[in-house]
Amino acid sequence: MKYRKAKYDDIKYIAYLVTELLGSCNIESEKSILESNIEEISENFNNYFVCTIDDKIIGACGISAILEQDKYNLNLKNVREILYFVVDKNYQGRGIGTTLLKLCSDNNKCNIIYEAWGDNGKFANSKFILEKCGYKMIKDLGNDYYKKNNYCYKCVNRHKNCHECIAQIWLKPSMTKNIV
Ligand SMILES: CC(C)(COP(=O)(O)OP(=O)(O)OC[C@H]1O[C@@H](n2cnc3c(N)ncnc32)[C@H](O)[C@@H]1OP(=O)(O)O)[C@@H](O)C(=O)NCCC(=O)NCCS
């Protein structure tokens with residue numbers, strides 16, 4: 001098992017995983033879910049880390065550049081956001097997700113935010129990993145956030161009859177003083 005920064009050629013394999021495990025957050029795109037993901041991941045592929053086994057990508061996590069907009073009204077400066085975070089179902093529960101998130105969260109000069117979703121009705125899917133990586137939940141966006149913002153039709157659960165879905169913002173604060 002190896003961890004490395006993503007390369008251009010990895011984009012479609014990361015996009016396959018995201019399509020299979022999450023759907024797409026790129027709801028502005030008219031394209032299919034896979035194509036929307038390829039389009040979106042291409043913009044930031046330099047900021048993704050991947051985990052490989054025998055050169056096959058089995059996990060990925062990305063982080064944005066510094067955000068220009070305060071899209072969640074958090075009133076924070078110097079903010080980067082964790083992007084897609086996925087591990088192949090056959091390899092989950094072995095610490096790969098935790099390592100990938102740590103690789104992306106290793107920049108203590110920025111505030112790092114993470115929009116966590118939860119389709120299990122109880123807590124955000126990555127709650128335990130977030131806690132281990134030093135994140136704290138700072139904002140509840142409400143269980144109708146995805147529905148209200150039209151994300152559901154590109155979600156991996158689009159064929160299920162979901163009633164609600166957890167949406168929360170988690171923060172790993174910058175260790176640099178005077179930046180929050
Ligand atoms: C979220 C995801 C990336 C995690 O990847 P992973 O490789 O399985 O993660 P890890 O193995 O590092 O960590 C899972 C941890 O959560 C812990 N965990 C899970 N459910 C738990 C529970 N109910 N109580 C306590 N701990 C729990 C596991 O024990 C494990 O911790 P450990 O390593 O200390 O034992 C993966 O599950 C995934 O791809 N999910 C689908 C896509 C998704 O939802 N992405 C997140 C978007 S917000």
Assess whether Ser29 counts as being within 21 Å of Ala167 (Cβ to Cβ), more than 13 Å from the ligand (Cβ to nearest atom) and part of a helix (DSSP H, G or I). no
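I'd like the full set of residues that are outside any loop (DSSP other than H, G, I, E, B) and within 16 Å of Tyr135 (Cα to Cα), limited to the stretch 70-89.
The initial filter retains those residues of the stretch 70-89 that are outside any loop (DSSP other than H, G, I, E, B), namely 79-87, 89.
Selection gives Val79, Arg80, Glu81, Ile82, Leu83, Phe85.
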Quick check: is even one residue across the stretch 38-49 surrounded by 16 or more Cβ atoms within 10 Å (Cβ to Cβ), among the acidic types (Asp, Glu) and under 17 Å from Ile169 (Cα atoms)? no
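Within the stretch 97-123, how many residues turn out to be buried (at least 21 other Cβ atoms within 10 Å of the Cβ) and either of a type in the set (A, V, I, L, M, F, W, C) or within 25 Å of Lys12 (Cβ to Cβ) (or both)?
First pass over the stretch 97-123, keeping only residues buried (at least 21 other Cβ atoms within 10 Å of the Cβ): 97, 100-101, 104, 110-114, 116.
If we keep only those that are either of a type in the set (A, V, I, L, M, F, W, C) or within 25 Å of Lys12 (Cβ to Cβ) (or both) too, we end up with 97, 100-101, 104, 110, 112-114, 116.
Counting residues in the stretch 97-123 that are buried (at least 21 other Cβ atoms within 10 Å of the Cβ) and either of a type in the set (A, V, I, L, M, F, W, C) or within 25 Å of Lys12 (Cβ to Cβ) (or both) gives 9.
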Taking interchain pairs and intrachain pairs at least six residues apart, which have beta carbon atoms under 7 angstrom, with the first residue in the stretch 137-150 and crowded, with 16+ Cβ neighbours inside 10 Å and the second assigned to a helix (DSSP H, G or I)? Tyr146/Cys152
I'm trying to understand the selection: among the residues of the stretch 71-125, which are among the small types (Gly, Ala, Ser), more than 15 Å from Trp170 (Cα to Cα) and within 8 Å of the ligand (Cβ to nearest atom)? Gly93, Gly95, Gly97
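Every number here is computed from the coordinates shown, using simple stated rules; none is lab data. Every value quoted in this text rests on a predicted model; they were computed, and no experiment measured them. All Cβ positions, glycine included, derive from the backbone under ideal geometry; neighbour counts span all protein chains shown.
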